[in-house]
Amino acid sequence: MSRLPLIAAISVVAAVGGAVFALATRPAPEPAAAPVTAAALKQLPEIRLQGLDGRERDIREWSDRPQLINFWATWCAPCRKEMPLLEALHQQQPGIAVIGIAIDREEPVKRFIAETGVSYPILRGEADAMAVAESFGPAFAALPFTVIAAPGGEILELHTGELKPEQLSRLAAVLSALAAGELTVAEAKQQLAESRAG
């Protein structure tokens, strides 16, 4: 009977020693690839996701116009709050392509869109849509996340968080002027930067 505690103690010491040895001798992990930063990402990445009709859509379908690409989810309250503003922009400014990308499951997205009457294009995915959002690097910190791009896909601005009416109004004015040829891409970038600073 007195040998049982001794055997148990020896077993524990052996197990701990084995674990320490395994940790000490395992190979070092491979270094992770450097994230793509917002500064490094000048153009929209390739974005192909499923539309609500089940067909694959390519973001380049809208590359003839300035694009406002909004990442959202049905469980995200700020996303839901800003969507009527995005719908109004879509209705009032057809020269600007408003595209929603839902990082969400199909049924909740379809149900939400049916209930709200959002009419701008919605693409969706779960892991695939998340991977697209993460390709923008550290600028993507939370939902909602909005990417503003010039015709042809050059990135003008990245915005994390809910768009307020005054912010969206400033964005719309710059993008409308860009669509009308009244601003160059460089001038649009400068005006967006100045509106952020102001």
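Computed from the coordinates by the stated procedures, all read-outs in this text should not be read as laboratory data. Computed from a predicted structure; not experimentally measured. Positions of Cβ are backbone-derived with ideal geometry, glycine not excepted, and every protein chain shown enters the neighbour counts.
Values for this structure:
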{"quantity": "Among the residues listed as Ala142, Ala114, Ala149, the single one being aliphatic (A, V, I, L, M) and over 18 Å from Ala77 (Cα atoms)", "calculated": "Ala149"}
{"quantity": "Boolean, Thr116 is β-branched (Val, Ile, Thr), free of Cβ contacts under 8 Å to residues at least 40 places away in the same chain, under 23 Å from Lys81 (Cβ atoms) and in contact with a Lys or Arg (Cβ under 9 Å, 6 or more places away or on another chain)", "calculated": "yes"}
{"quantity": "Flag if Trp62 is farther than 19 Å from Ala142 by Cβ, free of Cβ contacts under 8 Å to residues at least 60 places away in the same chain and not aliphatic (A, V, I, L, M)", "calculated": "yes"}
{"quantity": "Selection from the stretch 81-100 of residues that are under 16 Å from His159 (Cβ atoms), among the hydrophobic types (A, V, I, L, M, F, W, C) and assigned to a helix (DSSP H, G or I)", "calculated": "Met83, Leu85, Leu86, Leu89"}
{"quantity": "Leu89 vs. criteria within 23 Å of Leu175 (Cα to Cα) and in contact with a Phe, Trp or Tyr (Cβ under 9 Å, 6 or more places away or on another chain)", "calculated": "yes"}
{"quantity": "Residue check for Pro78: surrounded by fewer than 18 Cβ atoms within 10 Å (Cβ to Cβ) and assigned to a helix (DSSP H, G or I)", "calculated": "yes"}
{"quantity": "Among the candidates Ile113, Ile103, residue that is within 20 Å of Leu158 (Cα to Cα), surrounded by 14 or more Cβ atoms within 10 Å (Cβ to Cβ) and β-branched (Val, Ile, Thr)", "calculated": "Ile103"}
{"quantity": "Residue within the stretch 149-157 that is of a type in the set (Gly, Ala, Ser), over 18 Å from Pro66 (Cα atoms) and in contact with a Leu (Cβ under 6 Å, 6 or more places away or on another chain) present", "calculated": "no"}
{"quantity": "Residue list for the stretch 43-62, filter: surrounded by 14 or more Cβ atoms within 10 Å (Cβ to Cβ) and part of a strand (DSSP E or B)", "calculated": "Leu49, Gln50, Arg57"}
{"quantity": "Search result, residues across the stretch 141-156 that are surrounded by fewer than 20 Cβ atoms within 10 Å (Cβ to Cβ) and within 22 Å of Glu187 (Cβ to Cβ)", "calculated": "Pro151, Gly152, Gly153, Glu154"}
{"quantity": "Close pairs from the stretch 148-160: first free of Cβ contacts under 8 Å to residues at least 40 places away in the same chain and in a strand (DSSP E or B), partner hydroxyl-bearing (Ser, Thr, Tyr) and surrounded by 19 or more Cβ atoms within 10 Å (Cβ to Cβ), Cβ under 7 Å, at least 6 apart", "calculated": "His159/Thr146"}
{"quantity": "Residue among Leu183, Leu192, Leu178, Leu168 that alone is within 19 Å of Pro84 (Cβ to Cβ) and not in a strand (DSSP E or B)", "calculated": "Leu168"}
